[in-house]
Amino acid sequence: MSPAIQALLLLQDRDRRLRGMAEDLEKIPKDEARAKDRLAGDTAAVKKCRDDLMANEVEIKKVELDVGTRRTTIARLKTQQFETRKNDEYQALGHEVTRYEKDIDSLETKELELMERADALRGELATAEAALAKTKQRVDEDLNQLAERRKRVEAELVEVRAERERLAAAAPEAQLPLYERLLKTKNGIAVVPSIAGKCGGCHIKLVASTMVKVNQGLDGVQCESCGRLLYTEE
Ligand SMILES: [Zn+2]
């Protein structure tokens with residue numbers, strides 16, 4: 001293998017690593033967003049439990065208020081009853097008192113049911129909060145790991161970039177522009193070996209004259225199909 005090819009292969013190795021690291025860094029924000037998304041479901045569940053509990057509390061207050069107004073009414077009716085001297089009026093007032101007392105009975109039954117529901121809702125809320133806390137812990141761990149990965153890759157990137165600059169300075173100047181162009185257009189692979197008479201990049205059979213040049217170890221030999229620079233490992 002010629003020194004020029006050796007230099008380009010070293011350069012290509014660093015270029016491919018840089019490409020991989022750039023892809024990795026690009027992926028991290030997406031992974032972070034996905035991790036945070038996992039909290040949304042659990043957060044919504046907690047909110048729903050809280051809302052239900054609050055609505056239930058409002059309902060209880062309303063029932064208590066209704067009971068209160070009926071008690072006031074009953075007290076007023078009883079005073080009227082006490083003050084009246086007419087027997088039929090006394091009885092009519094008595095019927096009204098009974099009606100309001102029945103009202104209070106059913107309201108108190110309703111209040112009891114609402115209080116039982118409040119207990120159940122508090123239980124659901126506790127479960128939902130525990131689930132959220134657990135998810136949050138896992139998400140925080142994932143986010144920490146992602147932050148560490150970012151730091152590690154960024155540090156490595158600086159290192160490999162410096163290496164790349166050093167290797168580029170040592171590479172054959174005449175072939176660098178072609179190499180750079182191929183790197184961009186050929187998916188990060190500019191220099192490939194010939195494998196059993198085929199191009200190691202596009203896998204198309206090389207013409208005989210090209211194979212001769214490759215086997216002679218000449219520099220700057222290109223695949224006539226994809227244009228990649230060729231060398232032989234044999
Ligand atoms: Zn090719």
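The values are calculated or read from the model by the stated rules, or taken from the named source; none is laboratory data. Values in this document were obtained by computation on a predicted structure and should not be read as measured data. FYI the Cβ positions are ideal-geometry reconstructions off the backbone, even for glycines, and counts take in every protein chain you see.
Restricting the first residue to segment 182-208 and requiring it to be part of a strand (DSSP E or B), which pairs with a second residue that is near the ligand (Cβ under 9 Å from one of its atoms) and of a type in the set (S, T, Y) meet a Cβ separation below 9 Å and a spacing of at least six or different chains? Pairs that qualify, where the first residue is part of a strand (DSSP E or B) and the partner is near the ligand (Cβ under 9 Å from one of its atoms) and of a type in the set (S, T, Y), are C199/S225; K205/S225. Is it true that some residue in segment 153-175 is within 12 Å of the ligand (Cβ to nearest atom) and either within 18 Å of R17 (Cα to Cα) or not assigned by TED's automatic domain parsing to the domain that holds R17 (or both)? The answer is no, given that none of the residues of segment 153-175 is within 12 Å of the ligand (Cβ to nearest atom) and either within 18 Å of R17 (Cα to Cα) or not assigned by TED's automatic domain parsing to the domain that holds R17 (or both). Only residues that are of a type in the set (A, V, I, L, M, F, W, C), free of Cβ contacts under 8 Å to residues at least 12 places away in the same chain and more than 22 Å from D15 (Cβ to Cβ): list them for segment 209-234, please. Within segment 209-234, just V212 meets the criteria.
Which pairs do you get when a residue that is farther than 15 Å from K47 by Cβ and at pLDDT 95 or above, found in segment 112-126, comes within reach of a residue that is among the hydrophobic types (A, V, I, L, M, F, W, C) and part of a helix (DSSP H, G or I), reach meaning Cβ atoms under 6 angstrom, with the pair 6+ apart or on two chains? These pairs meet every condition: L114/I60. Within segment 48-57, does at least one residue satisfy the condition of being free of Cβ contacts under 8 Å to residues at least 60 places away in the same chain and closer than 30 Å to Y100 by Cβ? Looking for residues that are free of Cβ contacts under 8 Å to residues at least 60 places away in the same chain and closer than 30 Å to Y100 by Cβ, one finds at least one in segment 48-57, hence yes. Remark: I189 matches the filter, which requires a residue to be within 16 Å of the ligand (Cβ to nearest atom) and under 36 Å from the mean Cα position of the chain (by Cα).
Determine whether segment 171-179 contains at least one residue that is surrounded by 12 or more Cβ atoms within 10 Å (Cβ to Cβ) and without any contact (Cβ under 8 Å) to a residue 24 or more places away in the chain. So far as segment 171-179 goes, yes, one or more of its residues are surrounded by 12 or more Cβ atoms within 10 Å (Cβ to Cβ) and without any contact (Cβ under 8 Å) to a residue 24 or more places away in the chain.
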